[in-house]
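**Student:** Dropping a structure here in structure tokens format, bear with me for questions.
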Amino acid sequence: MYDAEREGVTGTRGALKVLREALAADPDERAAFETRAGVGATLTHPRLVAVRDQGSIDDTPWVMLEAVDGVSLGELFPKRGRPRFSEPAAATVLAATLEALEAAAGAGLVHGRLDATNVLVEIDGDVRLTGFGTEGDPRSDFLDLARLAQTLTPDWSPAMDSWLDGLQDGDDRFAGPGDALAALPVGATADGRAALGRAVKRARRRRERELAAEQEPQSPSAATASAAAPSGAAASRPA
């Protein structure tokens with residue numbers, strides 16, 4: 001994903017998503033990417049990331065998405081250990097995702113590949129969804145949503161556990177995302193959004209530290225010691 005702006009057109013800054021070369025060579029992956037871009041361009045809702053444009057450069061397809069001031073939900077997960085969001089924060093993610101799925105279902109569309117990389121969390125804690133796919137049963141995303149919920153926290157309340165069981169088991173009460181949203185025991189809250197916003201800020205600071213570490217030049221003494229060390233041996237640091 002890259003920051004981009006259409007040449008010669010002001011006010012069109014967005015996120016440019018380019019299909020990787022290996023995937024672009026696969027006809028099925030290429031068709032799926034282009035279909036999702038076309039589907040996304042037909043959807044308009046506050047919980048959905050808008051598709052601004054799409055095309056191809058050197059036979060590699062791309063799509064320009066609305067700029068979102070945030071990160072993917074996956075970037076909020078720790079590199080080690082299991083994610084552990086508070087229930088208000090996790091429920092806020094679920095409620096917003098269901099709102100997005102409900103909006104798409106109104107157009108006869110489903111997501112098809114729902115996971116933490118498609119859920120975007122903004123700096124203010126708002127949650128948006130991207131990457132819609134094709135027509136289908138509005139309940140077809142429920143299993144993926146339940147899996148996502150289980151990655152967010154191991155500490156769901158009994159009422160939420162029961163709701164998740166119904167989602168996974170195809171409970172007749174949940175005919176579509178709107179029904180699932182109406183039955184959600186814990187919905188989006190200001191506390192949940194605030195917690196997500198803080199998590200986004202932490203993720204950004206972590207990313208900035210990692211980038212700074214990658215760009216930090218190696219000191220001359222370290223470079224000399226590394227060059228002088230025998231092959232396969234680690235250079236010792238001076239006391």
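**Student:** Taking the stated definitions as given, is Ala95 closer than 22 Å to Asp141 by Cα, surrounded by 16 or more Cβ atoms within 10 Å (Cβ to Cβ) and assigned by TED's automatic domain parsing to the domain that holds Ala183?
**Tutor:** Answer is yes for this residue.
**Student:** Among the residues of the stretch 17-56, count how many are touching a residue at least 12 places away in the same chain (Cβ under 8 Å) and part of a strand (DSSP E or B).
**Tutor:** 7
**Student:** Looking only at the stretch 129-163, which residues are buried (at least 21 other Cβ atoms within 10 Å of the Cβ) and outside any helix (DSSP H, G or I)?
**Tutor:** Within the stretch 129-163, Leu129, Thr130, Gly131, Phe132, Pro138, Asp141 meet the criteria.
**Student:** For Leu65, indicate whether it is over 30 Å from Ala159 (Cα atoms), at pLDDT 75 or above, assigned to a strand (DSSP E or B) and out of contact with any Leu (no Cβ under 6 Å at 6 or more places or on another chain).
**Tutor:** yes
**Student:** Could you name every one of the helices (runs of 4 or more DSSP H) located completely within the stretch 166-239 that has at least 2 residues being exposed (fewer than 10 other Cβ atoms within 10 Å of the Cβ), among the small types (Gly, Ala, Ser) and at pLDDT 55 or above?
**Tutor:** 190-215
The values are calculated or read from the model by the stated rules, or taken from the named source; none is laboratory data. Only a predicted model underlies this, so the values are computations on that prediction, with no experimental measurement involved. Glycine also receives a Cβ, built like all others from the backbone with ideal geometry; neighbour counts cover every protein chain displayed.
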